[in-house]
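Following: one structure in C-alpha coordinates, then a few remarks.
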Amino acid sequence: MAGWSALPYDLIESIANLLNAAEDFLSFSSVCRSWRLVCKSKNWHPGFQLPWLMLGEMQTNKGSMRQFLSMCKFKFHYLPFPETQDFRCWGACQESVITINPRFEVRLVNPFTHACINLPSITALNIQGAAKDCWFSVIHKAKYFKIQNEYMVFIIYGPRSEVAFTRSGDSRWSLVQSLIPARFVDVVCFKDQIMALSIVGTLFSLETNGVDTPRMLCVSSPPQQEKSWQKMYLVESSGDLLILFSYPNGNMVNRFRAYRFDISKREWMRLEDLGTNVLLVDTDICTSLPACDYLQRNCIYFVHDNLDSLLASGPRCMGNYMSVYNLKENYTDFMNLGNDNSFRYISATWVLPSLW
(Lines give C-alpha, C1' and ligand atoms only; values in the text may rest on other atoms or scores of the structure.)
Protein backbone atom coordinates (compact mmCIF):
# COMPACT_ATOMS: atom_id res chain seq x y z
CA MET A 1 0.00 0.00 0.00
CA ALA A 2 1.40 3.38 -0.99
CA GLY A 3 2.27 5.85 1.75
CA TRP A 4 0.54 9.16 2.32
CA SER A 5 3.33 10.97 0.47
CA ALA A 6 2.54 9.01 -2.69
CA LEU A 7 -0.96 10.42 -3.07
CA PRO A 8 -1.51 12.57 -6.18
CA TYR A 9 -0.91 16.29 -5.64
CA ASP A 10 -4.44 17.20 -6.79
CA LEU A 11 -5.95 14.81 -4.26
CA ILE A 12 -3.84 16.25 -1.41
CA GLU A 13 -4.88 19.74 -2.47
CA SER A 14 -8.55 18.70 -2.46
CA ILE A 15 -8.16 17.39 1.09
CA ALA A 16 -6.59 20.68 2.17
CA ASN A 17 -9.53 22.62 0.73
CA LEU A 18 -11.87 20.73 3.07
CA LEU A 19 -10.11 22.11 6.15
CA ASN A 20 -11.07 25.29 7.99
CA ALA A 21 -9.63 25.33 11.50
CA ALA A 22 -6.05 26.53 11.86
CA GLU A 23 -5.09 23.55 14.00
CA ASP A 24 -6.33 21.23 11.25
CA PHE A 25 -3.85 22.85 8.85
CA LEU A 26 -1.10 22.35 11.43
CA SER A 27 -1.95 18.65 11.67
CA PHE A 28 -2.25 18.39 7.88
CA SER A 29 1.20 19.87 7.30
CA SER A 30 2.71 17.46 9.84
CA VAL A 31 1.71 14.32 7.90
CA CYS A 32 4.71 14.36 5.59
CA ARG A 33 6.85 16.63 3.40
CA SER A 34 4.59 16.49 0.33
CA TRP A 35 1.54 17.48 2.38
CA ARG A 36 3.50 20.30 4.01
CA LEU A 37 4.50 21.60 0.56
CA VAL A 38 0.82 21.79 -0.44
CA CYS A 39 0.18 24.06 2.53
CA LYS A 40 3.18 26.26 1.82
CA SER A 41 2.27 26.59 -1.85
CA LYS A 42 -1.11 28.03 -0.77
CA ASN A 43 -2.83 26.31 -3.68
CA TRP A 44 -5.84 25.81 -1.44
CA HIS A 45 -8.76 28.00 -0.52
CA PRO A 46 -9.48 27.85 3.21
CA GLY A 47 -12.98 28.75 4.31
CA PHE A 48 -14.05 31.12 7.05
CA GLN A 49 -11.51 31.19 9.88
CA LEU A 50 -12.59 31.56 13.49
CA PRO A 51 -10.35 33.76 15.63
CA TRP A 52 -8.42 32.44 18.60
CA LEU A 53 -8.55 34.01 22.04
CA MET A 54 -5.11 35.10 23.23
CA LEU A 55 -4.85 34.79 27.01
CA GLY A 56 -1.93 35.34 29.37
CA GLU A 57 1.63 34.14 29.66
CA MET A 58 2.39 30.89 31.42
CA GLN A 59 5.68 29.43 32.62
CA THR A 60 6.22 25.92 31.28
CA ASN A 61 9.17 23.53 31.10
CA LYS A 62 9.78 25.02 27.66
CA GLY A 63 9.87 28.58 28.99
CA SER A 64 7.29 31.34 28.81
CA MET A 65 4.31 30.51 26.60
CA ARG A 66 1.19 32.35 25.52
CA GLN A 67 -2.09 30.56 26.02
CA PHE A 68 -4.48 30.53 23.03
CA LEU A 69 -8.01 29.16 22.94
CA SER A 70 -9.45 27.84 19.69
CA MET A 71 -13.21 28.41 19.67
CA CYS A 72 -13.61 25.86 16.89
CA LYS A 73 -12.16 22.97 18.91
CA PHE A 74 -12.46 24.66 22.34
CA LYS A 75 -8.90 23.57 22.84
CA PHE A 76 -5.99 25.41 24.45
CA HIS A 77 -2.70 25.82 22.61
CA TYR A 78 0.57 27.00 24.16
CA LEU A 79 2.82 28.89 21.77
CA PRO A 80 6.05 30.81 22.31
CA PHE A 81 5.48 34.51 21.83
CA PRO A 82 8.59 36.27 23.22
CA GLU A 83 7.75 39.46 21.31
CA THR A 84 4.98 40.18 23.85
CA GLN A 85 6.59 38.97 27.06
CA ASP A 86 5.72 41.51 29.79
CA PHE A 87 4.23 43.83 27.13
CA ARG A 88 0.71 45.20 26.88
CA CYS A 89 -1.26 43.99 23.83
CA TRP A 90 -4.34 44.93 21.82
CA GLY A 91 -5.98 42.86 19.11
CA ALA A 92 -9.15 43.02 17.00
CA CYS A 93 -9.72 39.64 15.32
CA GLN A 94 -6.91 40.40 12.89
CA GLU A 95 -3.62 38.65 12.14
CA SER A 96 -1.44 40.92 14.27
CA VAL A 97 -1.59 42.48 17.71
CA ILE A 98 -0.34 45.92 18.71
CA THR A 99 2.17 45.98 21.56
CA ILE A 100 3.84 48.57 23.75
CA ASN A 101 6.86 47.92 25.95
CA PRO A 102 8.46 49.81 28.89
CA ARG A 103 10.60 51.81 26.41
CA PHE A 104 7.40 53.20 24.82
CA GLU A 105 8.12 51.29 21.61
CA VAL A 106 5.03 50.32 19.64
CA ARG A 107 4.92 47.36 17.22
CA LEU A 108 2.61 45.28 15.09
CA VAL A 109 3.40 41.61 15.75
CA ASN A 110 1.95 38.42 14.30
CA PRO A 111 1.68 35.84 17.13
CA PHE A 112 1.98 32.89 14.75
CA THR A 113 4.60 33.91 12.17
CA HIS A 114 6.40 36.36 14.52
CA ALA A 115 6.54 38.93 11.71
CA CYS A 116 7.10 42.35 13.31
CA ILE A 117 6.59 45.93 12.09
CA ASN A 118 8.12 48.73 14.14
CA LEU A 119 5.86 51.75 14.51
CA PRO A 120 6.97 55.29 15.49
CA SER A 121 7.77 55.73 19.16
CA ILE A 122 5.13 57.58 21.15
CA THR A 123 7.74 59.49 23.16
CA ALA A 124 7.38 62.37 20.68
CA LEU A 125 3.70 62.84 21.61
CA ASN A 126 3.08 65.74 23.96
CA ILE A 127 1.74 63.68 26.85
CA GLN A 128 1.12 65.64 30.03
CA GLY A 129 0.80 64.49 33.62
CA ALA A 130 1.67 61.15 35.19
CA ALA A 131 0.77 59.24 32.02
CA LYS A 132 4.00 60.31 30.31
CA ASP A 133 5.97 58.22 32.83
CA CYS A 134 3.73 55.13 32.83
CA TRP A 135 4.21 53.04 29.70
CA PHE A 136 1.44 50.59 30.65
CA SER A 137 -1.37 53.14 30.83
CA VAL A 138 -0.26 55.80 28.34
CA ILE A 139 -2.22 54.08 25.54
CA HIS A 140 -5.85 53.33 26.42
CA LYS A 141 -6.77 51.63 23.18
CA ALA A 142 -4.99 50.68 19.94
CA LYS A 143 -6.43 49.45 16.61
CA TYR A 144 -5.27 49.02 13.04
CA PHE A 145 -7.20 48.97 9.79
CA LYS A 146 -6.44 48.26 6.16
CA ILE A 147 -7.90 51.11 4.09
CA GLN A 148 -7.37 51.13 0.32
CA ASN A 149 -4.33 48.81 0.53
CA GLU A 150 -2.78 50.94 3.28
CA TYR A 151 -2.43 50.12 6.94
CA MET A 152 -3.42 52.76 9.49
CA VAL A 153 -2.77 52.31 13.21
CA PHE A 154 -4.81 54.38 15.66
CA ILE A 155 -4.23 54.97 19.36
CA ILE A 156 -6.27 56.70 22.04
CA TYR A 157 -3.74 57.97 24.53
CA GLY A 158 -2.88 60.26 27.41
CA PRO A 159 -4.91 61.82 30.24
CA ARG A 160 -7.15 63.66 27.75
CA SER A 161 -7.91 60.53 25.70
CA GLU A 162 -6.74 62.07 22.43
CA VAL A 163 -6.45 60.29 19.06
CA ALA A 164 -3.33 59.87 16.93
CA PHE A 165 -2.58 57.67 13.93
CA THR A 166 0.26 56.54 11.71
CA ARG A 167 0.23 55.09 8.20
CA SER A 168 2.41 52.49 6.55
CA GLY A 169 5.89 53.99 6.17
CA ASP A 170 5.27 57.03 8.38
CA SER A 171 8.06 58.09 10.73
CA ARG A 172 5.79 59.86 13.23
CA TRP A 173 2.29 59.92 14.68
CA SER A 174 -0.25 62.38 13.28
CA LEU A 175 -2.26 64.12 15.99
CA VAL A 176 -6.00 64.53 15.51
CA GLN A 177 -7.70 67.76 16.51
CA SER A 178 -11.38 68.04 17.45
CA LEU A 179 -13.49 71.10 16.69
CA ILE A 180 -15.53 70.20 19.76
CA PRO A 181 -13.57 69.31 22.93
CA ALA A 182 -13.92 65.57 23.43
CA ARG A 183 -12.32 62.62 25.17
CA PHE A 184 -12.43 59.56 22.93
CA VAL A 185 -13.08 55.93 23.85
CA ASP A 186 -13.19 54.07 20.51
CA VAL A 187 -12.45 54.28 16.78
CA VAL A 188 -13.62 52.05 13.93
CA CYS A 189 -13.28 51.86 10.16
CA PHE A 190 -16.72 52.02 8.55
CA LYS A 191 -16.84 51.87 4.74
CA ASP A 192 -13.26 53.21 4.50
CA GLN A 193 -14.17 56.12 6.80
CA ILE A 194 -12.74 56.42 10.31
CA MET A 195 -15.44 57.00 12.91
CA ALA A 196 -14.81 57.78 16.58
CA LEU A 197 -16.83 57.75 19.76
CA SER A 198 -16.45 60.19 22.63
CA ILE A 199 -16.78 59.40 26.31
CA VAL A 200 -20.33 60.82 26.33
CA GLY A 201 -21.37 58.81 23.27
CA THR A 202 -21.08 61.50 20.58
CA LEU A 203 -20.20 60.13 17.14
CA PHE A 204 -17.41 61.79 15.13
CA SER A 205 -15.85 61.26 11.69
CA LEU A 206 -12.19 61.84 10.83
CA GLU A 207 -11.39 64.36 8.11
CA THR A 208 -7.90 64.12 6.59
CA ASN A 209 -8.26 65.26 2.96
CA GLY A 210 -7.72 68.91 2.13
CA VAL A 211 -6.82 69.97 5.67
CA ASP A 212 -3.45 70.75 7.22
CA THR A 213 -4.30 69.02 10.49
CA PRO A 214 -6.50 65.90 10.70
CA ARG A 215 -9.63 66.71 12.66
CA MET A 216 -12.74 65.13 14.12
CA LEU A 217 -16.14 66.39 12.93
CA CYS A 218 -19.29 65.83 14.99
CA VAL A 219 -21.81 63.54 13.28
CA SER A 220 -24.47 62.59 15.82
CA SER A 221 -25.51 62.77 19.46
CA PRO A 222 -25.69 59.57 21.54
CA PRO A 223 -28.91 57.62 22.13
CA GLN A 224 -30.74 59.70 24.72
CA GLN A 225 -32.21 56.74 26.62
CA GLU A 226 -28.83 55.27 27.57
CA LYS A 227 -27.36 56.35 30.93
CA SER A 228 -24.69 55.18 33.35
CA TRP A 229 -23.07 52.62 31.06
CA GLN A 230 -19.80 50.96 31.95
CA LYS A 231 -18.25 50.78 28.47
CA MET A 232 -19.09 51.68 24.88
CA TYR A 233 -17.90 50.12 21.64
CA LEU A 234 -18.19 51.01 17.96
CA VAL A 235 -18.34 48.14 15.48
CA GLU A 236 -19.06 47.60 11.79
CA SER A 237 -21.46 44.70 11.28
CA SER A 238 -22.61 43.53 7.83
CA GLY A 239 -22.49 47.04 6.39
CA ASP A 240 -24.07 48.72 9.44
CA LEU A 241 -22.45 50.89 12.09
CA LEU A 242 -23.37 49.73 15.59
CA ILE A 243 -22.83 51.14 19.05
CA LEU A 244 -22.76 48.69 21.94
CA PHE A 245 -23.33 49.68 25.56
CA SER A 246 -22.09 47.43 28.36
CA TYR A 247 -23.71 47.57 31.81
CA PRO A 248 -22.69 45.76 34.99
CA ASN A 249 -25.44 43.45 36.15
CA GLY A 250 -24.35 41.73 39.33
CA ASN A 251 -21.27 39.70 40.12
CA MET A 252 -19.31 38.78 36.96
CA VAL A 253 -22.32 39.53 34.72
CA ASN A 254 -22.69 42.13 31.99
CA ARG A 255 -25.76 43.05 29.99
CA PHE A 256 -25.65 44.86 26.66
CA ARG A 257 -27.78 47.18 24.55
CA ALA A 258 -27.10 47.78 20.87
CA TYR A 259 -28.06 50.48 18.37
CA ARG A 260 -27.73 50.79 14.60
CA PHE A 261 -26.83 54.15 13.07
CA ASP A 262 -29.36 55.39 10.51
CA ILE A 263 -27.16 57.36 8.10
CA SER A 264 -30.05 59.18 6.37
CA LYS A 265 -31.56 60.38 9.67
CA ARG A 266 -28.23 60.68 11.50
CA GLU A 267 -29.65 59.01 14.57
CA TRP A 268 -29.32 55.74 16.48
CA MET A 269 -32.04 53.08 16.23
CA ARG A 270 -32.47 50.44 18.95
CA LEU A 271 -31.35 47.00 17.77
CA GLU A 272 -33.00 43.94 19.29
CA ASP A 273 -31.52 41.34 16.99
CA LEU A 274 -28.04 40.87 15.48
CA GLY A 275 -29.49 38.72 12.71
CA THR A 276 -27.06 36.00 11.66
CA ASN A 277 -24.11 37.72 13.35
CA VAL A 278 -22.36 37.51 16.69
CA LEU A 279 -20.23 40.07 18.52
CA LEU A 280 -16.89 39.18 20.09
CA VAL A 281 -16.04 41.65 22.85
CA ASP A 282 -13.04 41.98 25.12
CA THR A 283 -12.07 44.74 27.52
CA ASP A 284 -11.11 47.06 24.65
CA ILE A 285 -12.40 45.76 21.32
CA CYS A 286 -15.68 44.68 19.72
CA THR A 287 -15.78 42.70 16.45
CA SER A 288 -18.68 41.34 14.40
CA LEU A 289 -18.56 37.89 12.79
CA PRO A 290 -21.10 35.64 11.07
CA ALA A 291 -22.57 32.99 13.34
CA CYS A 292 -21.49 29.38 12.81
CA ASP A 293 -21.69 25.99 14.46
CA TYR A 294 -19.39 27.21 17.25
CA LEU A 295 -20.79 30.74 17.76
CA GLN A 296 -24.51 31.12 18.41
CA ARG A 297 -26.31 33.79 16.40
CA ASN A 298 -27.56 36.94 18.11
CA CYS A 299 -25.13 36.44 21.00
CA ILE A 300 -22.37 38.59 22.45
CA TYR A 301 -19.25 36.74 23.63
CA PHE A 302 -17.60 38.91 26.27
CA VAL A 303 -14.18 38.08 27.72
CA HIS A 304 -13.32 39.61 31.07
CA ASP A 305 -9.88 40.73 32.20
CA ASN A 306 -8.38 39.46 35.46
CA LEU A 307 -8.34 42.78 37.31
CA ASP A 308 -10.86 41.65 39.96
CA SER A 309 -8.81 38.52 40.53
CA LEU A 310 -5.59 40.48 40.95
CA LEU A 311 -7.21 42.90 43.42
CA ALA A 312 -8.95 40.18 45.44
CA SER A 313 -7.70 39.97 49.01
CA GLY A 314 -8.73 36.33 49.37
CA PRO A 315 -7.78 33.25 47.36
CA ARG A 316 -7.33 33.89 43.63
CA CYS A 317 -10.04 31.56 42.41
CA MET A 318 -12.02 33.59 39.88
CA GLY A 319 -10.17 32.24 36.88
CA ASN A 320 -10.72 33.06 33.24
CA TYR A 321 -14.27 33.02 31.98
CA MET A 322 -16.42 34.24 29.11
CA SER A 323 -19.97 35.60 29.28
CA VAL A 324 -22.34 34.67 26.45
CA TYR A 325 -25.17 37.20 26.35
CA ASN A 326 -28.24 36.60 24.19
CA LEU A 327 -29.32 40.04 23.04
CA LYS A 328 -32.90 39.09 22.19
CA GLU A 329 -33.58 36.93 25.26
CA ASN A 330 -31.62 39.16 27.69
CA TYR A 331 -29.97 36.08 29.12
CA THR A 332 -26.36 35.42 30.12
CA ASP A 333 -24.56 32.09 30.16
CA PHE A 334 -20.93 31.39 31.07
CA MET A 335 -18.02 29.47 29.61
CA ASN A 336 -15.23 28.47 32.00
CA LEU A 337 -11.81 29.06 30.47
CA GLY A 338 -9.78 27.56 33.31
CA ASN A 339 -7.84 28.97 36.24
CA ASP A 340 -6.06 32.30 36.19
CA ASN A 341 -2.51 31.58 37.33
CA SER A 342 -1.05 34.90 36.29
CA PHE A 343 0.19 37.55 38.68
CA ARG A 344 0.13 40.14 35.90
CA TYR A 345 -2.77 42.05 34.43
CA ILE A 346 -4.27 40.11 31.51
CA SER A 347 -6.71 41.57 29.03
CA ALA A 348 -7.61 38.67 26.76
CA THR A 349 -7.95 39.60 23.10
CA TRP A 350 -9.03 38.02 19.82
CA VAL A 351 -6.53 37.25 17.05
CA LEU A 352 -6.90 35.61 13.65
CA PRO A 353 -4.55 32.65 13.21
CA SER A 354 -2.19 33.16 10.29
CA LEU A 355 0.15 30.24 9.78
CA TRP A 356 2.22 31.35 6.77
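In nanometres, what is the gap between the two model label sites at Asn149 and Tyr9, each 7 Å from Cα along Cα-to-Cβ?
2.9
Counting only DSSP beta bridges with both residues in the chain, tell me the antiparallel percent, nearest 5.
95
Residues of the range 68-89 with backbone nitrogen within less than 12 Å of a virtual label 7 Å along the Cα-to-Cβ line of Phe104, please, listed as ranges.
none
How much length is gained on full extension from Glu226 to Met335, taking 0.36 nm per residue of separation minus their Cα-Cα distance?
Length gained, Glu226 through Met335: 36.4 nm.
Can you give the local net charge around Pro181? Use residues other than it whose beta-carbon is closer than 14 angstrom to its beta-carbon, Lys and Arg +1, Asp and Glu -1.
For residues surrounding Pro181, the net value is +2.
Between Ile263 and Tyr321, what length comes free when the chain is fully extended (0.36 nm per residue of separation minus the Cα-Cα distance, one decimal in nm)?
17.2 nm
Say R0 is 41 Å: what FRET efficiency, to the nearest 0.05, do Arg160 and Gln59 get from their beta-carbon distance?
So the FRET efficiency works out to roughly 0.60.
Share of the chain's accessible area from carbon and sulfur, percent, 1.4 Å?
Accessible surface attributable to carbon and sulfur in the chain totals 50 percent.
Let me know the number of lysine pairs in the range 48-351 closer than 26 Å at the Cα, not counting same-chain pairs under 8 apart.
Taking the range 48-351 as the scope, the lysine pair count is 19.
Does the range 145-303 come out rounded, prolate or oblate, given a ≥ b ≥ c as the square roots of the eigenvalues of its C-alpha gyration tensor, rounded meaning a/c under 1.5 and, failing that, prolate meaning a/b above b/c?
prolate
Evaluate the distance, in nm, between pseudo-label points positioned 7 Å from the Cα of His77 and of Tyr294 along their respective Cα→Cβ axes.
1.0
Using a cut-off of 12 Å between beta-carbons, work out the net charge of the residues near Tyr144 (Lys and Arg +1, Asp and Glu -1, Tyr144 not included).
+3
What list of ³J(HN,Hα) couplings, whole Hz, do you get for the range 293-301 from phi and the Karplus terms 6.51, -1.76, 1.60, once you set θ to phi - 60° and write x for glycine and proline?
4, 9, 10, 6, 4, 6, 10, 10, 9
Counting only other residues whose beta carbon sits under 15 Å from that of Asn110, what net charge do I get with K and R as +1, D and E as -1?
+1
Stokes-Einstein D for the chain at 25 °C, 0.890 mPa s, Kirkwood Rh over Cα pairs, in µm²/s?
112
The values are calculated or read from the model by the stated rules, or taken from the named source; none is laboratory data. Source: prediction; values computed, not measured. Backbone-built Cβ (ideal geometry, glycine too); neighbour counts: all protein chains shown. When the accessible area is computed, the model is the full protein with side chains, heavy atoms only, and any ligands, DNA or RNA have been set aside. Shrake-Rupley method; radii C 1.70, N 1.55, O 1.52, S 1.80 Å.
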